[in-house]
């Protein structure tokens, strides 16, 4: 059984209904790193939010490990494009917030077990801080004291802290400068290898999709008024050699209907 399964999934918004996604049939196995690629407005983020449970389809089904889940839960972590940190909490507080809220409410926080677990949450958070390449001294800083790259590292640790089986990332590196973006690509690729988490990563950058994913899925529209469908679904060779890149780029961008941009000519090092 696939970890993520969508069956005849369609979404339309507005009155009259405007189709966004049409008949998406998709199986994703546990441990895959899937990049969702396509032009702006083709429904990549919508598909991610459907899998998260933050939105409901107009028709069709989504199953996570064989079960329909109609709201977000601890099985799925989410990292948006814009940093999702609480400005009034420290790095440590941001990372421990999710586990504390999911395990304890206002009343159970008065129990001895809460204080024991809170110590464990803090120890786990410090481990994530080290894993994402920050120092323990950063634990007590606030988001405004961090660079954009550091904030996004904390957002990844925040999503991982609840120990999800699936991590969903929505163009999470698009606002970063090129150098920081490559560093973050290396980080998330290494985290995926170390943890074995199932990862879905939305991007419109062909180079990024090829350098990160073990599989690339292209969403595209046949006409501007039609819903997007899966135009291509290919595995990425491991390792992906430089001589293979031009052919892969050509096929992916032809499927998405985009013109080849200079930025996709050379594969970033993962």
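Using the 2.2 N^0.38 Å rule of thumb for compact globular proteins, work out how the chain stacks up: its C-alpha Rg over that value, please.
Normalised Rg, Cα atoms only: 1.04.
For each of 103, 238, count neighbouring Cβ atoms within 10 Å of the residue's Cβ, then give the residues from fewest to most. Walk me through the numbers on the way to the answer.
On the way: 103 16, 238 6.
Exposure proxy ranking, most exposed first: 238, 103.
Per residue, what volume in Å³ does the Cα convex hull of region 87-162 take up? The partial results should precede the final answer.
Values: hull volume 6.1 nm³, N = 76.
Spread over its residues, the Cα hull of region 87-162 gives 80 Å³ apiece.
I want to verify the translational diffusion coefficient of region 1-100 in µm²/s; compute it with Stokes-Einstein, Rh as the Kirkwood radius over Cα pairs, at 10 °C and 1.306 mPa s.
104
Give me the base-10 log of I(q)/I(0) for region 46-137 at each q in 0.12, 0.21, 0.24 Å⁻¹, Debye formula, one uniform scatterer per Cα, rounded to two decimals.
-0.54, -1.11, -1.20
Take the alpha carbon atoms of region 1-17, find their center, do the same for region 109-127, and report the distance between the two centers in whole angstrom.
Between the Cα centre of region 1-17 and that of region 109-127, the gap is 39 Å.
Arrange 236, 91, 67 by Cβ neighbour counts within 10 Å, fewest through most, would you? The partial results should precede the final answer.
Values: 236 19, 91 30, 67 8.
If I rank by nearby Cβ atoms, fewest first, I get 67, 236, 91.
Compare 158, 185, 120 in a GNM of the chain, Cα atoms joined below 10 Å, and give the one with the largest fluctuation.
120
To the nearest Å, what is the center-to-center distance of region 50-82 and region 206-238, using C-alpha atoms only?
Centre-to-centre (Cα) distance: 20 Å.
Among 86, 173, 33, rank each residue by its count of other Cβ atoms within 10 Å, from fewest to most, as a rough exposure measure. Show your work: numbers first, answer last.
Details: 86 12, 173 25, 33 21.
Ordered by Cβ neighbours within 10 Å, fewest first: 86, 33, 173.
Normalised by the residues of the chain, what does the relative contact order come to in percent, with Cα pairs under 8 Å and at least six apart?
Working: 498 pairs, mean separation 70.9, N = 270.
Computed over the chain, the figure is 26 percent.
Report the equivalent ellipsoid semi-axes for region 94-227 in whole Å, largest first, defined as the square roots of five times the eigenvalues of the gyration tensor built from alpha carbon atoms.
Semi-axes (√(5λ), whole Å): 32, 19, 14.
Can you give the calculated 222 nm mean residue ellipticity of the chain, where each DSSP H run of n ≥ 4 adds -39,500 (n - 2.57) and the sum is split over every residue, rounded to the nearest 500 deg cm²/dmol? Show your work: numbers first, answer last.
Working: 7 runs with 92 residues, N = 270.
That calculation yields -11000 deg cm²/dmol at 222 nm.
Report for the chain the percent antiparallel among DSSP-assigned beta bridges with both residues inside it, nearest 5. Could the numbers behind the result be given before it?
Numbers: 19 of 38 bridges.
For the chain, the DSSP antiparallel bridge percentage is about 50.
Bear in mind these aren't lab numbers, they're just calculated from the coordinates by the rules spelled out. What you see is a predicted model, and the numbers here were worked out from it, not measured in a lab. Glycine also receives a Cβ, built like all others from the backbone with ideal geometry; neighbour counts cover every protein chain displayed.
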